[in-house]
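A.B. asks: Following this message is one structure expressed as structure tokens.
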């Protein structure tokens, strides 16, 4: 229950951050990627702000034996750069550029969607995730 | 739609996203990777004990914008492509690519870079590059 409560708090904070920074606006994200056009560097400041806030606490977590509300830290263990990482991320980037949405904003924007395109994107994203997840679980 | 550079709002929003990642790591012991959370909710693993917090996280993501616009008495002003083929293809690529690549802008771009993960640096470089190339073609070659 405690973990679910903090999950909700984290989701609210993440969604509020995306909303205040206007990252739920596909045009804003595409303008960040549009270096040759009306470039809007805001997204870099969003990532930078997030990293600056997270960094000291991520360091602190390394010195904690266990997290506050469960038994263990579960962090990625892979180190090697493989084809899946680069190609998967590359495909993700093409979709990100085409639609101006990534998974967080795609979900948050659903409740304030001004166009059916948001729903089409989210359904297609879910299909893509399920396909990839099945492939990854089989491999 | 032309958007203005909004560094203050970007930093405040970023700080809230960082705070979210801190709660998930320090309290729940997990990485805030939204593509991972969504894919595990839709196709759960054998171990289902992570599901309650993952589902409540998504509920938080969904509620936040409504609450924000209600409390500030403003409304969303967003622009998205009206072409269903384009947004459909974009969604498929985003969902498929993020899961195959082991993360998206949150897991690799925020948490991974904070951890100085080489894999996340490579992933971020990859999706930033293909994203910028795609937008270049979209806006300056095909003139969309």
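The values are calculated or read from the model by the stated rules, or taken from the named source; none is laboratory data. Note that this is a predicted model, so its numbers are computed, not measured. Quick reminder, even Gly has a Cβ in these numbers, built from the backbone with ideal geometry, and neighbours come from all protein chains shown.
A.B. asks: Confirm whether residue A:71 is over 19 Å from residue B:106 (Cβ atoms) and modelled with pLDDT of 95 or more.
C.D. replies: So residue A:71 fails the test.
A.B. asks: Could you say which residue among B:89, B:79 is in contact (Cβ under 8 Å) with a residue 24 or more places away in the chain and surrounded by fewer than 24 Cβ atoms within 10 Å (Cβ to Cβ)?
C.D. replies: One residue alone meets the criteria, B:79.
A.B. asks: Of everything in segment A:26-42, what is within 7 Å of chain B (Cβ to nearest Cβ) and without any contact (Cβ under 8 Å) to a residue 60 or more places away in the chain? Give them in sequence order.
C.D. replies: A:31, A:34, A:35, A:36, A:37, A:38, A:40, A:41, A:42
A.B. asks: Take the residues in segment B:39-52 that are in contact (Cβ under 8 Å) with a residue 12 or more places away in the chain and part of a helix (DSSP H, G or I); name whichever of them is farthest from the other protein chains (Cβ to nearest Cβ).
C.D. replies: If we filter segment B:39-52 for residues that are in contact (Cβ under 8 Å) with a residue 12 or more places away in the chain, which is where we start, we get B:39-41, B:50.
In the following step, the residues that additionally are part of a helix (DSSP H, G or I) were identified as B:39-41.
Values: B:39: 4, B:40: 8, B:41: 10 Å.
Selected residue: B:41.
A.B. asks: Of the residues in segment B:56-91, how many are under 25 Å from residue A:115 (Cα atoms) and part of a helix (DSSP H, G or I)?
C.D. replies: Keep residues of segment B:56-91 that are under 25 Å from residue A:115 (Cα atoms), which gives B:57-91.
From the residues that got through so far, the ones that are part of a helix (DSSP H, G or I) too are B:57-72, B:84-91.
Residues in segment B:56-91 being under 25 Å from residue A:115 (Cα atoms) and part of a helix (DSSP H, G or I): 24 in total.
A.B. asks: If you check A:119, A:92, which single one turns out to be more than 7 Å from every other protein chain (Cβ to nearest Cβ) and free of Cβ contacts under 8 Å to residues at least 12 places away in the same chain?
C.D. replies: A:119
A.B. asks: Go through the residues of segment A:69-76 one by one and say whether even a single one is over 30 Å from residue B:79 (Cβ atoms) and in contact (Cβ under 8 Å) with a residue 40 or more places away in the chain.
C.D. replies: Yes, the conditions are met somewhere in segment A:69-76.
A.B. asks: Moving on to the next point. At the interface with chain A (Cβ under 7 Å from one of its Cβ atoms), in contact with a helix residue (DSSP H, G or I) (Cβ under 8 Å, 6 or more places away or on another chain), within 23 Å of residue A:63 (Cα to Cα) and part of a helix (DSSP H, G or I): is that true of residue B:113 in this structure?
C.D. replies: The answer is yes for residue B:113.
A.B. asks: Further, regarding this structure: Taking the criterion of being within 7 Å of another protein chain (Cβ to nearest Cβ) and modelled with pLDDT under 95, would at least one residue in segment B:53-64 satisfy it?
C.D. replies: no
A.B. asks: Scan segment B:37-52 residue by residue and report those that are within 16 Å of residue A:74 (Cβ to Cβ) and surrounded by fewer than 24 Cβ atoms within 10 Å (Cβ to Cβ).
C.D. replies: Quick first cut of segment B:37-52, residues within 16 Å of residue A:74 (Cβ to Cβ) only: B:37, B:39-40, B:44-52.
If the condition is that a residue be within 16 Å of residue A:74 (Cβ to Cβ) and surrounded by fewer than 24 Cβ atoms within 10 Å (Cβ to Cβ), then B:40, B:44, B:45, B:46, B:47, B:48, B:49, B:50, B:51, B:52 are the ones that fit.
A.B. asks: Exactly one of these conditions fails for residue B:122: (1) assigned to a helix (DSSP H, G or I); (2) within 24 Å of residue A:91 (Cβ to Cβ); (3) more than 7 Å from chain A (Cβ to nearest Cβ). Give me its number.
C.D. replies: Here residue B:122 meets the rest and fails (3).
A.B. asks: Please go through segment B:1-15 and pick out each residue that is assigned to a helix (DSSP H, G or I), at the interface with chain A (Cβ under 7 Å from one of its Cβ atoms) and surrounded by fewer than 24 Cβ atoms within 10 Å (Cβ to Cβ).
C.D. replies: B:7, B:9, B:11, B:12, B:15 - these are the residues of segment B:1-15 that are assigned to a helix (DSSP H, G or I), at the interface with chain A (Cβ under 7 Å from one of its Cβ atoms) and surrounded by fewer than 24 Cβ atoms within 10 Å (Cβ to Cβ).
A.B. asks: Residue under question is residue B:98, and the condition is that it be outside any loop (DSSP other than H, G, I, E, B), at the interface with chain A (Cβ under 7 Å from one of its Cβ atoms) and either out of contact with any strand residue (DSSP E or B) (no Cβ under 7 Å at 6 or more places or on another chain) or at pLDDT below 95 (or both); does it hold?
C.D. replies: So residue B:98 passes the test.
A.B. asks: Being in contact (Cβ under 8 Å) with a residue 40 or more places away in the chain and either more than 7 Å from every other protein chain (Cβ to nearest Cβ) or exposed (fewer than 15 other Cβ atoms within 10 Å of the Cβ) (or both) narrows it down to one of A:105, A:56, so name that one.
C.D. replies: Of the residues listed, the single one that is in contact (Cβ under 8 Å) with a residue 40 or more places away in the chain and either more than 7 Å from every other protein chain (Cβ to nearest Cβ) or exposed (fewer than 15 other Cβ atoms within 10 Å of the Cβ) (or both) is A:105.
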